[in-house]
Number of protein chains: 2
Amino acid sequence: MKIVALAGGVGGAKLAHGLAQILPPQDLTIIVNTGDDFEHYGLYICPDLDTVCYTLAGLANPETGWGRVDESWNVIENAKRLGGPGWFNLGDRDLGTHIERTRRLKEGQCLSEITRNFCKVWGIEHTVLPMTDQYVHTIVETDEGDLEFQEYFVHRRCEPHVKGFRFDGIEKAEPAPGAREAIAEADAVVICPSNPWVSIDPILRVFSPLLSGEGPGVRVFAVSPIIGGETVKGPAAKMYRELGIEPSALAVANHYGGLLAGFVLDQIDSELSKALEVKTLVTDTLMKSTEDRKRLAQEVLNWIGDL
Amino acid sequence: MKIVALAGGVGGAKLAHGLAQILPPQDLTIIVNTGDDFEHYGLYICPDLDTVCYTLAGLANPETGWGRVDESWNVIENAKRLGGPGWFNLGDRDLGTHIERTRRLKEGQCLSEITRNFCKVWGIEHTVLPMTDQYVHTIVETDEGDLEFQEYFVHRRCEPHVKGFRFDGIEKAEPAPGAREAIAEADAVVICPSNPWVSIDPILRVFSPLLSGEGPGVRVFAVSPIIGGETVKGPAAKMYRELGIEPSALAVANHYGGLLAGFVLDQIDSELSKALEVKTLVTDTLMKSTEDRKRLAQEVLNWIGDL
């Protein structure tokens with residue numbers, strides 16, 4: 001079975017890692033959000049892309065889910081001493097990625113090509129694609145004005161009240177090379193348990209003609225990032241509340257609407273499955289360990305295969 | 001006695017450090033070459049300026065003369081693993097300087113302002129000025145074509161045969177704020193034992209109207225970077241040879257020509273002093289220890305004071 005997974009950061013990376021433990025390289029393509037990429041200290045940083053790659057490569061910090069394991073912080077500590085901003089954690093090993101990516105971008109390489117090269121070095125055999133090679137900037141519209149995503153998410157710790165989202169540059173964003181083909185050949189698209197508003201929506205916007213749910217299109221399945229009304233990590237539940245929507249697995253399913261052929265939700269939310277018109281898989285969706293990732297991925301694949 | 005010192009990297013930094021151990025902060029201004037500044041991995045790097053500042057702050061690696069003491073190399077090792085160039089040594093702590101300087105430059109701050117702020121943090125009380133806030137690029141014209149200075153110096157290890165030098169952008173380079181005033185108030189300008197061709201000439205070009213040797217101008221003294229026909233460090237002697245000039249303290253004195261009121265050369269070259277028309281100080285100019293720096297600086301200051 002050929003699968004395309006759509007992923008944001010930590011939660012998405014976990015399920016992507018689970019899928020990668022089961023599917024052979026040629027059968028899994030992971031398309032990653034780049035809307036929260038940003039420039040910091042003159043360097044081009046791709047938080048979601050790096051989290052997915054570090055996770056697949058076994059380089060991720062298991063305690064945070066982002067950043068590198070066995071990390072040191074000598075660069076940022078010295079930059080902070082000189083008056084530089086310290087709100088975004090930049091580890092030394094992680095910075096090796098950022099400076100080399102920035103160098104290659106300035107040289108004219110595109111992000112998907114750079115990512116392919118990096119994956120090769122990191123021993124990642126499955127295909128990891130940024131959603132696009134064009135610049136897309138996720139803007140969080142808040143009661144304190146428009147904020148770049150990392151400014152809202154990390155610097156302001158998701159405190160400003162959310163009013164809406166905007167993806168600057170999305171109109172000109174083309175799917176990354178190979179992404180169209182991967183979707184065309186896929187038996188299913190799996191939306192990983194990432195934030196629907198800021199991690200998955202930008203990807204869906206870029207791929208909307210391919211994933212519209214109209215025509216013969218590929219079947220799309222989603223795993224809820226909301227369990228028992230709360231998110232495991234990140235501000236999705238808070239965003240739903242501030243937008244006047246009760247945060248729940250149901251709200252996530254409704255968010256994706258007609259796009260979905262099926263929806264995966266946690267046992268704790270089993271009652272909600274009755275309210276859904278799409279097919280559902282009710283299981284334990286919380287991924288605490290590496291084994292959990294593989295187990296959940298296997299259950300999702302079995303379920304899709306059986307449908 | 002108020003002194004302005006002109007300095008390049010390691011050798012210049014040593015004498016500047018000696019002067020700073022003797023003169024109170026208000027009596028010493030160090031003007032540093034920026035012609036070998038360059039962009040690497042998207043970061044703006046000022047090798048001479050950093051070497052001078054790290055040396056004055058006691059942060060320099062005592063074994064190399066450049067870079068930071070107690071340094072780690074996690075960023076560059078990871079960037080190299082991803083295919084990035086490794087020919088320029090970028091330590092983690094050193095990178096803290098580069099990323100914060102790059103951030104500030106992109107924010108619109110000028111190099112002299114940034115340097116003033118960094119010096120404050122590093123506890124450097126004497127005034128350190130980049131020669132200019134404009135971009136100047138030292139180009140080494142070689143038998144293998146034009147090379148940016150760091151490309152020639154570090155990447156190519158000074159191997160290409162030198163045919164000449166060019167300082168791109170020098171026509172538009174204004175002295176850094178405060179530099180004119182420091183020279184106007186100085187009792188003497190001391191040219192530190194730095195490479196005349198690539199460290200001192202760019203500074204002299206920027207300050208030529210002030211240091212022309214015409215009019216009432218300030219007295220200028222130079223310390224030879226060439227001892228016994230060789231340089232302690234760096235390619236100055238090789239450059240002289242390739243340009244058809246016998247490398248010697250005499251050649252350095254002739255290089256500066258009418259600009260000089262006096263010249264300091266090593267005991268080993270005492271014979272050469274006879275051939276010089278300017279006043280000379282013959283002493284031990286090799287600075288192996290921190291004490292040597294202070295001793296040489298004190299001798300130079302005493303000599304200037306007595307003239």
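The values are calculated or read from the model by the stated rules, or taken from the named source; none is laboratory data. Predicted, not measured: the structure shown is a model, and the values here were computed from it. Cβ placement follows ideal geometry from the backbone for every residue including glycine, while neighbour counts extend to all protein chains displayed.
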> Here is a list of conditions, (1) in a helix (DSSP H, G or I); (2) more than 8 Å from chain A (Cβ to nearest Cβ), and B:PRO62 meets all of them except one; can you say which number that is?
Replying inline: (1)
> Out of (1) under 16 Å from the mean Cα position of the chain (by Cα); (2) crowded, with 23+ Cβ neighbours inside 10 Å, the odd one out for A:ALA253 is which?
Replying inline: (1)
>> Looking for something buried (at least 16 other Cβ atoms within 10 Å of the Cβ), within 12 Å of another protein chain (Cβ to nearest Cβ) and at pLDDT 95 or above - is there at least one such residue anywhere in the stretch B:147-156?
In response: no
> Residues in the stretch A:32-45: is at least one within 14 Å of chain B (Cβ to nearest Cβ), under 24 Å from A:GLY11 (Cα atoms) and assigned to a helix (DSSP H, G or I)?
Replying inline: no
> So, of the residues in the stretch B:271-307 that are among the aliphatic types (A, V, I, L, M) and within 21 Å of B:ALA13 (Cβ to Cβ), which turns out to be surrounded by the fewest Cβ atoms within 10 Å (Cβ to Cβ)?
Replying inline: B:LEU286
> Name the residues in the stretch B:65-84 that are more than 7 Å from chain A (Cβ to nearest Cβ), free of Cβ contacts under 8 Å to residues at least 40 places away in the same chain and either on the phi > 0 side of the Ramachandran plot or part of a loop (DSSP other than H, G, I, E, B) (or both), would you?
Replying inline: B:GLY67, B:VAL69, B:ASP70, B:GLU71, B:TRP73
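Before we move on, is A:LEU281 part of a helix (DSSP H, G or I) and modelled with pLDDT of 95 or more?
On the way: part of a helix (DSSP H, G or I): no; modelled with pLDDT of 95 or more: yes.
Taking the combined requirement at face value, the residue does not satisfy it.
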> Can you list the strands (runs of 3 or more DSSP E) found entirely within the stretch A:108-212 that contain at least 3 residues being touching a residue at least 40 places away in the same chain (Cβ under 8 Å)?
Replying inline: A:127-130, A:137-142, A:162-168, A:188-191
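Could you tell me whether any residue of the stretch B:134-144 is in contact with a helix residue (DSSP H, G or I) (Cβ under 8 Å, 6 or more places away or on another chain), within 14 Å of chain A (Cβ to nearest Cβ) and not acidic (Asp, Glu)? Walk me through it before giving the result.
Our first condition is that a residue be in contact with a helix residue (DSSP H, G or I) (Cβ under 8 Å, 6 or more places away or on another chain); within the stretch B:134-144, this holds for B:134, B:136-140, B:142.
Now narrow it down to the ones that are within 14 Å of chain A (Cβ to nearest Cβ): none.
No - not one qualifying residue is present in the stretch B:134-144.
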> Quick one: B:GLN26 ticks every box in (1) surrounded by 22 or more Cβ atoms within 10 Å (Cβ to Cβ); (2) in a helix (DSSP H, G or I) bar one, so which box is it?
Replying inline: (1)
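Looking at B:LEU56, B:LEU49, B:LEU19 in this structure, which one is closer than 29 Å to B:ALA182 by Cα, within 14 Å of chain A (Cβ to nearest Cβ), part of a helix (DSSP H, G or I) and touching a residue at least 40 places away in the same chain (Cβ under 8 Å)?
Details: B:LEU56 fails: within 14 Å of chain A (Cβ to nearest Cβ); B:LEU19 fails: within 14 Å of chain A (Cβ to nearest Cβ).
Every option except B:LEU49 fails the conditions.
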